[in-house]
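For reference, the structure discussed in these notes is given below.
The values are calculated or read from the model by the stated rules, or taken from the named source; none is laboratory data. This is a predicted model, so every value here is computed, not measured. Here the Cβ is made from the backbone with ideal geometry for all residues, glycine too, and neighbour counts use every protein chain on show. The area values use the complete protein model at the heavy-atom level, side chains included, leaving out ligands, DNA and RNA. Shrake-Rupley method; radii C 1.70, N 1.55, O 1.52, S 1.80 Å.
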Amino acid sequence: TGTLKMNAVGATPKTFPVGPSTTLYHPTTLTNSGTSDNFSVNVSSVAPPCGNAAASVTARWNITEETTGGSNCTISLDYTGAATGGSYTSASAKIVDCNGSGPYYGNGTVTGTVATGTGFTSFSPFGITSDLTVLPVAFINFSGSRIGNSNKLTWLTDNEQNNLGFDVQRSEDGQNFTSIAFVNTQAPSGSTSNLTYNFTDYNIKTTTRQYYKLRQVDNNNQSKYSAIIKIKGDQSTLLTIDGIAPNPLQNNLIASISSPTKSLINLQVLDMMGRMIQQQRVTIQEGTNVISVNVSSLGSGIYLLKAISSDNNQIPAVKFIKQ
């Protein structure tokens with residue numbers, strides 16, 4: 001009923017014997033066709049946070065990988081004995097990955113009480129639902145940096161479907177945004193692969209700071225926004241956590257992290273006694289980065305987020321409240 005970690009999860013299937021209580025058993029099987037990695041799994045008796053509870057299984061699997069990126073997993077979730085919503089239909093249900101940027105749906109099916117999906121490359125709270133309103137794009141990362149007299153923006157997407165492109169918006173105060181460019185999708189017919197986009201803003205009006213966000217637009221003119229990033233007028237010389245949003249929060253925190261170089265950092269969540277609760281490794285780019293951290297498995301309370309660089313440089317922790 002706790003969190004179970006298994007090392008070196010690779011092409012040979014590994015089953016995590018976990019459950020939300022001493023009477024319910026919801027094992028998880030991972031088969032990783034990508035880079036072998038260490039995984040942790042726990043499960044609770046609540047519906048997935050990004051699915052309609054009335055159309056979902058009342059079980060949430062929190063699956064995390066130790067080193068972000070490189071994995072490609074087939075996931076099987078057994079929900080024997082779990083409650084289901086009144087409109088849940090197993091014949092049309094799939095595994096849903098609640099990654100903080102909108103749900104990503106695999107190509108899974110349900111047989112009996114076992115749901116199986118393939119091609120999962122990011123990890124977060126997972127659930128099973130027949131509420132399949134697929135969002136066009138899942139944002140994985142959004143970063144920016146000052147290069148000379150211009151600002152370079154980079155963003156990474158996953159599972160693009162029905163996507164027209166991205167409206168790039170800029171602000172001087174972080175409140176009032178103006179559209180400055182439109183970047184077309186790289187996958188007009190859709191894609192299940194990660195796609196990287198770049199845009200350089202050469203028309204900077206001030207030398208202090210600028211704020212940017214993306215408005216993703218689908219072919220039906222529906223849209224959603226990315227997180228906001230701030231690019232400072234001067235280059236970052238130290239690794240810093242510039243802020244956490246929202247705060248208080250429920251399932252995912254969005255951390256704004258500035259770095260002088262591209263690097264691999266270890267993000268740790270600590271309790272107020274300084275004990276580490278969870279951690280994940282993240283590759284960040286030079287400049288400002290927006291990183292999503294899944295904290296849905298934490299109990300309500302006050303916690304600290306700390307970043308440790310690859311050379312073991314630790315920066316001051318930032319406090320956040322989990323509701």
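Points worth noting:
- The stretch between residue 276 and residue 178 holds 31.2 nm of extra length on full extension. This uses 0.36 nm per residue minus the Cα-Cα distance.
- Quotient of Cα Rg and 2.2 N^0.38 Å for segment 1-101, N being how many residues it contains: 1.08
- Highest mobility in the GNM of the chain, judged by mean-square fluctuation with C-alpha springs under 10 Å and restricted to 149, 42, 294, is found for 149.
- Accessible surface of the chain [probe 1.4 Å, protein heavy atoms]: carbon and sulfur percent: 49 percent
- Selected from 58, 23, 12 as most flexible by GNM, with the chain as the system and alpha-carbon contacts under 10 Å: 23
- Using a Förster distance of 25 Å, the FRET efficiency for residue 247-residue 223 (Cβ separation, nearest 0.05): 0.50
- Summed side-chain charge close to residue 216 - residues other than residue 216 whose Cβ falls under 14 Å, Lys, Arg +1, Asp, Glu -1: -1
- Simple point charges give the picture: +1 on the Cβ of Lys and Arg, -1 on the Cβ of Asp and Glu, and for segment 152-278 a dipole about the Cα centre of about 220 debye.
- Listed residue pairs exceeding 19 Å between alpha carbons, taken from 152/262; 5/94; 205/232: 5/94
- Accessible surface computed residue by residue for the chain, with neighbouring protein chains in place and a 1.4 Å probe, gives 44 Å² per residue.
- Cα-only Debye scattering, segment 111-208: base-10 log of I(q)/I(0) at q = 0.15, 0.18, 0.21, 0.25 Å⁻¹: -0.76, -0.97, -1.16, -1.40
- Charge tally in the Cβ shell below 14 Å around residue 246, where Lys, Arg are +1 and Asp, Glu are -1, residue 246 excluded: +2
- Judged by the mean number of other Cβ atoms found within 10 Å, the most tightly packed of the peptides 159-171, 262-274 leads the ranking 159-171, 262-274.
- Values (1) 19.9, 62; (2) 18.8, 59; (3) 25.4, 86 are given for comparison; Rg and Dmax of the Cα atoms in Å, derived from the coordinates here, is the one labelled (1).
- Gained length - residue 264 relative to residue 22, 0.36 nm times residue gap less alpha-carbon distance: 83.3 nm
- Seen from residue 57, the other residues with C-beta closer than 15 Å to its C-beta sum to a net charge of -1, counting Lys and Arg as +1 and Asp and Glu as -1.
- Using a probe of 1.4 Å on the protein chains alone, the accessible area found for residue 281 is around 100 Å².
- Residue 302-residue 194 pseudo-label distance in nm [points 7 Å out on the Cα-to-Cβ vector]: 3.6 nm
- Accessible-area order (highest first, 1.4 angstrom probe) of the listed residues 139, 120: 139, 120
- Label-zone membership for segment 1-26, site residue 113, 7 angstrom Cα→C-beta point, backbone N under 20 Å: 1-2, 15-26
- Rolling a 1.4 Å probe over the protein heavy atoms leaves residue 225 with an accessible area of roughly 120 Å².
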